[in-house]
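These notes concern the structure reproduced below.
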Amino acid sequence: MEAHGELETIAVLVADDDEDQRLLIERILGSTEGVRHELTLVPDGRSALGALRERAFDVVLLDLSMPGLDGLEVLRAVADDPARPQVIFVSGKGTVSTATRAMKLGAYDFVEKPVDAARLQALVWKAAEARRTLSKSERLEAAARRSATSVRIVSQDPRMGEVLDLVARVAPSDVSVLVVGESGTGKELIAREVHRLSGRHAAPLVALNCAAVAPSLAESELFGHEKGAFTGAGARKIGLIELAEGGTLFLDEIGDLDLGLQAKLLRALEARVFRRVGGVKEIPADFRLVSATNRPLRKLVEEEAFRDDLFYRINAVVVELPPLRERPEDILLLARHFLSELTPAEAEQWTIDPEAARAMEAYDWPGNVRELRNVIERAALLARDHVIRARDLGLDPAGPSSEEAGGSPPALPSLRLDELEAMAVREALERTGWHQGRAAELLGISERTLHRRIRALGLRRPHRRS
């Protein structure tokens, strides 16, 4: 539903095999005061489905009995589409049972012929308003859920202060933002901050890690697909661009996006329309793009692995995040922040002893903030008496250099999930003298689960010396 000058515009599809009835509805809606109806008239159910695939409508007026596909079959075909229009049945063969079936399938209302002009005009307006309100409420609910679980950016580093100042300046605009930084520096947090401070904050922020999805699936993830578009596409799928309507699309590791998809993304950014896979209908694309990469995009452009036109389209504003090794004053600040997040009820009881603090400040943190959080999670699990000691950290005191690490995530053997679990279980059992009830409580799991893990890990209680 759009504004057209001073008039509200409602896109309406009318499907009826009776030409006189189609023309009557056209005259009725055409004479509605204060509203402009943009009408598409079709003679049967198959034509209705074709029109629904061609463009978006606010309201559909369906005849119940039509050749080929009847009105109920048309409704069933679009019932699983979250973006479908409101459907009103208009029929001379209405019964209580058919009306009930229609309402169960999600029809907005049911009108019998001959149609009352004033009632139809009012009903179409209410249905369009209901569609708009429902769409808005769903976006607001999603935004509220995200706000409740938002993560603060914690830093006292001057360079990070400059980054946040830049974010605050550019967020209110719709300019594309490219966030550059090593893995684990918090690029997604910056994207969420851009969205939070923008005029789109009440609408969704949706994210895709381009490196984590196969190229064969990425197109469907981004653009969605129509039912039957390919083997296994049993229903219409709404893509992330469509879900980001009015909000922000965050593409992490955009340097890994397939070249063919780069061209389609560029078209969506420039023409502000896109098509689902297997679809012919052009759908409006209203989103703000925030991208992130830990790869040198300029070099990828030179190697023809990344489109130069897309590169210049997405880097209107570049936000560079410094690695954690260049933010030494943030290391202990973040460590205490993570401790308070992990154990909020005991936040004030935790301390980090001087030797552990020196070890953290001397370490190079090739995995950046993400690695620091993992280390603190491990240390909190292994620490005694709410004191983090150097031995709890599992860090090499010398610390690998960033050159050795290559900017990649940490390669600490003690952070492998299976090894970490075994260490935690052993430590809990040793601290409780192999009292499985108290050890399970310490680990936050049931005694039965602990017993299964002891058997799976092959742990045995040490023999006591007499």
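The values are calculated or read from the model by the stated rules, or taken from the named source; none is laboratory data. These figures come from a predicted structure and were not determined experimentally. Please note: Cβ atoms are built from the backbone with ideal geometry, for glycine as well, and neighbour counts cover all protein chains shown.
Only residues that are assigned to a loop (DSSP other than H, G, I, E, B) and hydroxyl-bearing (Ser, Thr, Tyr) were counted in segment 191-244, giving 2. Sub-9 Å Cβ pairs linking a first residue in segment 300-326 that is free of Cβ contacts under 8 Å to residues at least 12 places away in the same chain to a second residue that is assigned to a loop (DSSP other than H, G, I, E, B), at least 6 apart or interchain, are Val301/Arg307, ordered by first then second residue. At least 2 residues being in the same structural domain as Val124 (by TED's automatic domain parsing) and modelled with pLDDT of 90 or more is the threshold, and among the strands (runs of 3 or more DSSP E) wholly inside segment 1-72 those reaching it are 7-15, 35-42, 59-62.
Of everything listed in (1) within 27 Å of the chain's Cα centre (by Cα); (2) surrounded by 13 or more Cβ atoms within 10 Å (Cβ to Cβ), the single unmet condition for Asp330 is (1). Screening the candidates Val87, Val115 for the property of being within 30 Å of Ala77 (Cα to Cα), at pLDDT 70 or above and either in a helix (DSSP H, G or I) or over 33 Å from the mean Cα position of the chain (by Cα) (or both) yields one hit, Val115. When Leu49 is tested against (1) over 17 Å from Gly92 (Cβ atoms); (2) touching a residue at least 60 places away in the same chain (Cβ under 8 Å), only condition (2) is not met.
The lone criterion from (1) free of Cβ contacts under 8 Å to residues at least 24 places away in the same chain; (2) within 26 Å of Gly199 (Cβ to Cβ) left unmet by Leu243 is number (1). Identify all residues within segment 253-274 that are within 14 Å of Glu219 (Cα to Cα) and part of a helix (DSSP H, G or I); write none if there are none. Within segment 253-274, Ile254, Asp256, Leu259, Gly260, Leu261, Gln262, Ala263, Lys264, Leu265, Leu266, Arg267, Ala268 meet the criteria.
Name the residue that is nearest to Gln121 (Cα to Cα), counting only residues in segment 23-69 that are of a type in the set (S, T, N, Q) and more than 38 Å from the chain's Cα centre (by Cα). Break it down stepwise before answering.
The initial filter retains those residues of segment 23-69 that are of a type in the set (S, T, N, Q), namely 31-32, 40, 47, 65.
Checking which are more than 38 Å from the chain's Cα centre (by Cα) leaves us with 31-32, 65.
Numbers: Ser31: 9, Thr32: 6, Ser65: 22 Å.
Result: Thr32.
Of all residues in segment 164-218, those that are acidic (Asp, Glu) and surrounded by fewer than 20 Cβ atoms within 10 Å (Cβ to Cβ) total 3. Assess whether Gly279 counts as being assigned by TED's automatic domain parsing to the domain that holds Gly199, closer than 27 Å to Thr231 by Cβ, not in a loop (DSSP other than H, G, I, E, B) and not basic (Lys, Arg). The answer is no for Gly279.
Of all the criteria given as (1) at pLDDT 80 or above; (2) within 22 Å of the chain's Cα centre (by Cα), the one not satisfied by Glu138 is (1).
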